[in-house]
Amino acid sequence: MFSDSRFALLHRMDFKATRRMNMSRRIRTLFIGNRPAIFHSLIRNENIELVEVLATDRSLLDIDDYAGSISLLAASGEKQKVVNAMMNCDYELLVSAGCPYVLPVEKCSEEKICINSHPSVLPLGRGKHPINECLLSGHKVAGSTLHYLSRELDEGDIIHQKSFELSEDIDLDILYSFIFDFECEVFEEGLQKLIDTNFDFRGRPQTGVSSYYSRQDADMVFDVRTGDIDDLLRKTRAFSSRNLGIRVSLGDTRIRVHKASRIHNRFLQERYRHCEPGSVAINRESVLIVRMQDGLVRFDAWWRDTDIDSL
């Protein structure tokens, strides 16, 4: 068996020879994933011929400027369909972007090039949920990486990578609003780098501190009786989107919190200092302030599982 590095190098060497003989035609490409922006980019790229598309999101089915067929895959349980395409489809380049499966790149023939787009600054944020992870872990940067696929998840050599600073006012909602467009920009620049070098580009190994994250339900539960405000704010920032949020129990009532902020006012701190941690200090229409063990916190965006008036 080849080592990962030797395996990837053989892929690039063989593909390089093929590409030099065939640069007059477009590159036969297999796309696997759920990223509309990257899919659009491949459709528009005059160097790319999409020969098969395996979509893991229905939104790709509605793209009008692609005349070819698209196979829709479930997010789980259909890995064999992916493996079959990897082994049997007539392609030269495999592009993975948002694929929920770990792709068995070792099953590809040696002349094929396999690349993956990942919305994190690898080696930080390996795994299924890198965007949550960069906020949850308090990273100071976010970004995107185009890399060669390897046997290990998100560990292949880097083709192209760009990052930007994360400030405290950036939460998941804001990050989601532009990160996939940014990812596409990085992908396009990286793919062009490969094309410009006739795919004779080795990339660079991933170095530095690494992290891995796959979102768990327990990550989105918070006990306001025992937890501290900084931890709550970190979690609400990482899971602020409408389909996520932090589950909090206030007495017999469960709510889901999407945004929260610390109350700094000294008068309010003193006025409600005798409230028990986890109790509601103020509940007036859109204002919900809760006492925690280290101060007061306002829930700025939340919805309830039961009537909040019963608090």
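Every number in this text was worked out from the coordinates using simple rules, so none of it is lab data. In this text, all values refer to a predicted model and were calculated from it rather than measured experimentally. With ideal geometry, Cβ positions are generated from the backbone for all residues, glycine too; neighbour counts draw on all protein chains shown.
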Normalised by the number of residues in the range 36-77, what is the relative contact order in percent for Cα pairs under 8 Å and 6+ residues apart? 38 percent
Compute, for the chain, the length of the dipole vector about the Cα centre, with Cβ point charges of +1 (Lys, Arg) and -1 (Asp, Glu) only. Units Debye, rounded to 20. 340 debye
Quickly work out the Asp181-to-Lys193 label distance, labels modelled 7 Å from Cα along the C-beta direction, and quote it in nm with one decimal. 2.3 nm
Over 23 Å between Cα atoms: which of Lys81/Lys193; Lys140/Lys259; Lys81/Lys162; Lys128/Lys193 fall into that group? Lys81/Lys193; Lys81/Lys162; Lys128/Lys193
Out of residues 5 or more away from Cys114 or on other chains, whose amide H comes under 5 Å of its own, with H placed 1.01 Å from N in the peptide plane? Leu94, Leu149
Return a whole-number percent for the relative contact order of the range 224-308, with Cα pairs under 8 Å and 6 or more residues apart as the contact set. 34 percent
Note the full-extension length gain between Gln216 and Asp57 as 0.36 nm times their separation in residues minus their Cα-Cα distance, in nm to one decimal. 55.1 nm
Inter-site label distance for Arg225 and Arg202 at 7 Å from Cα along Cβ, in nm: 6.0 nm
Once you order the gyration tensor axes a ≥ b ≥ c over the Cα atoms, which shape class does the chain get: rounded for a/c under 1.5, otherwise prolate or oblate by comparing a/b with b/c? prolate
Quick check: pseudo-label points 7 Å beyond the Cα along Cα→Cβ at Ala67 and Ser249, how many nm apart are they? 6.0 nm
Would you mind telling me the antiparallel percentage of the DSSP bridges in the chain, rounded to 5? 60 percent
Nearest-0.05 FRET efficiency for Val141 and Ile43, computed from C-beta distance (R0 25 Å): 0.25
Note on the chain: contact order normalised by length, alpha-carbon pairs under 8 Å, 6 or more apart, percent, works out to 14 percent
Arrange the following residues from fewest to most other Cβ atoms within 10 Å of their Cβ: Thr253, Thr56. Thr253, Thr56
Taking H as built 1.01 Å from N, whose amide H comes closer than 5 Å to the amide H of Cys99, not counting residues under 5 places away? Asn34
Around Arg298, what is the net charge, scoring Lys/Arg as +1 and Asp/Glu as -1 over all other residues with Cβ under 12 Å from its Cβ? +3
Karplus couplings for the range 82-99 from phi (6.51 cos²θ - 1.76 cosθ + 1.60, θ = phi - 60°), rounded to Hz, Gly and Pro as x? 5, 4, 4, 5, 4, 8, 10, 6, 8, 9, 10, 10, 9, 10, 10, 8, x, 7
Not counting the cut sites, what is the longest span of the chain without trypsin sites (Lys or Arg not before Pro) that DSSP labels loop and that have at most 12 other Cβ atoms within 10 Å? 26-139
As a test of understanding, state the convex hull volume per residue of the range 176-311 from its alpha carbons, in Å³. 155 Å³
Can you tell me the FRET efficiency between Lys81 and Leu153 if r is taken as the Cβ-Cβ distance and R0 is 22 Å, rounded to the nearest 0.05? 0.70
If the chain between Ser261 and Glu285 were fully extended at 0.36 nm per residue, the gain over the current Cα-Cα distance would be 6.9 nm
